[in-house]
Amino acid sequence: MTEGAVRDTVAGIDPSLLETLAFGRIRDALADRAATRFGMEAAGRLAPLAGPDEAAVRLDRIDAIRSTGELPLGGIEDVRGLLDAARDARLLDGREILSIGYTLDGCERLRRAVAERERPALDALAATMGSFEGWLRLVREQIDGDGEVRDDATPKLREIRRRLRPMRGRIRDHMNTLLERYAEAIQDPIVTLRRDRYVLS
């Protein structure tokens, strides 16, 4: 018996009846049309509902969404792997944190859009969705659009980077002097940066 059949049996529905109704194919077609990975997985888990009351709630939500326009789902990515890595104490780099930030921003926009519909069928749904504004503010304050830690992320970091700028300029000047002095011994007349260190070829 397939996983879907097992799930449908648990729901108290005869699998043969669902097969006659092509329930599995309908569920797969719905999953194919989902806008996000989460939607695909949720569609794949669909099973007959317990009773008409629950079905009526779901239909009311669908009607409320259809009558007020599509919900914004842009920017929402599957970042569960990154969250699991963070829980396992692995340090995430700036781009990974930024990816989580974009997804949180997408979730926040979705939550606001659901709440702003002001439809009774959606109010309970909006209430179950958490707010991520605090986390988003933290990401915006400390990570720039390239996934790099902002110079002003903390007062101490701002001071360190302020002191580093002229020092780096002096290092570059010294490296350029070496380029001119030992031009015949240098393979490429350029200064490169490897692992945060200036290097001559």
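The values are calculated or read from the model by the stated rules, or taken from the named source; none is laboratory data. This structure is a prediction, so every number in the text was calculated from the model and none was measured. Cβ sites come from the backbone with ideal geometry, for glycine too, and all protein chains shown count toward neighbours. Please note that ligands, DNA and RNA were not included when accessible areas were found on the heavy atoms of the full protein model with its side chains. Shrake-Rupley method; radii C 1.70, N 1.55, O 1.52, S 1.80 Å.
Please state the charge dipole magnitude for the chain, taken about the Cα centre, from unit charges on C-beta atoms (+1 on K and R, -1 on D and E), reported in debye and rounded to the nearest 20. Each step should come with its number before you reach the end.
On the way: 34 positive and 36 negative charges, 227 e Å.
Its charge dipole is roughly 1100 debye.
In vacuum, with every alpha carbon of region 9-61 counted as one equal point scatterer, what does the Debye formula give for log10 I(q)/I(0) at q = 0.16 Å⁻¹? Two decimals, please.
So the normalised log intensities work out to -0.55.
Reported to two decimal places, what Rg/Rh ratio describes region 11-123 when computed on Cα atoms with Rh from the Kirkwood expression?
On the way: Rg = 17.8 Å, Rh = 16.8 Å.
A ratio of 1.06.
Put one equal scatterer on each alpha carbon of region 136-177, apply the Debye formula with no solvent term, and list log10 I(q)/I(0) at q = 0.18, 0.25, 0.33 1/Å to two decimals.
The computed values of log10 I(q)/I(0) come out as -0.61, -0.81, -1.01.
Output the relative contact order of region 1-138, whole-number percent, from Cα pairs under 8 angstrom with separation of 6+ residues.
In percent, rounded to a whole number, it is 19.
Springs between alpha-carbon atoms under 10 Å, Gaussian network over the chain: tell me which of Val114, Val57, Val191 tops the mean-square fluctuations.
Val191
Given Cβ point charges of +1 (Lys, Arg) and -1 (Asp, Glu) and nothing else, what value in debye, to the nearest 20, does the dipole of region 24-129 about its Cα centre take?
Magnitude of the dipole: close to 160 debye.
Can you give me the pair-distance distribution of the chain, C-alpha pairs, 5 Å bins, whole percents?
Pair shares across the bins are 1, 6, 8, 11, 12, 10, 10, 9, 7, 5, 5, 4, 4, 3, 2, 1, 1, 0.
Tell me, what is the FRET efficiency for Ile26 and Arg109 to the nearest 0.05, using R0 = 25 angstrom and their Cβ-Cβ distance as r?
Step by step, r from the Cβ atoms, then E = 0.25.
If you project the alpha carbons of region 93-159 onto the principal axes, what extent comes out on each, in Å, largest first?
52, 20, 14
Of the options Tyr182, Gly169, Ala29, report the single residue whose Cα projects farthest towards the positive end of the charge dipole of region 24-183 (beta-carbon charges: Lys, Arg +1; Asp, Glu -1).
Tyr182
Under the classification rounded if a/c is under 1.5, otherwise prolate if a/b is larger than b/c and oblate if not, where does region 104-201 fall, given a ≥ b ≥ c as square roots of the Cα gyration tensor eigenvalues?
prolate
Can you pull out the trypsin sites (Lys or Arg not before Pro) in region 42-90 whose DSSP state is coil and whose Cβ has at most 14 other Cβ atoms within 10 Å?
Loop-located and lightly packed - Arg45, Arg90.
Sort Arg95, Arg162 by heavy-atom solvent-accessible area, probe 1.4 angstrom, most to least.
Highest to lowest solvent-accessible surface, that is Arg95, Arg162.
Under the rule of at least 5 residues apart or a separate chain, name every residue whose amide H is placed under 5 Å from the amide H of Glu77.
So Glu77 has HN proximity to Thr103.
So how far apart, in nm, are the two label points at Val199 and Asn176 if each is 7 Å from Cα heading toward Cβ?
2.2
Would you calculate a helix-derived [θ] at 222 nm for the chain, using -39,500 (n - 2.57) for each DSSP H run of n ≥ 4 and dividing by the full residue count, to the nearest 500?
Working: 10 runs with 125 residues, N = 201.
Estimated from H runs of four or more residues: -19500 deg cm²/dmol.
On full extension of the chain, what length is gained from Ala35 through Leu138, given 0.36 nm per residue of separation minus the C-alpha to C-alpha distance?
Answer, rounded to one decimal: 34.3 nm.
Pop the C-beta distance of Asp151 and Ala89 into the FRET formula with R0 = 30 Å and round what comes out to the nearest 0.05.
About 0.65, to the nearest 0.05.
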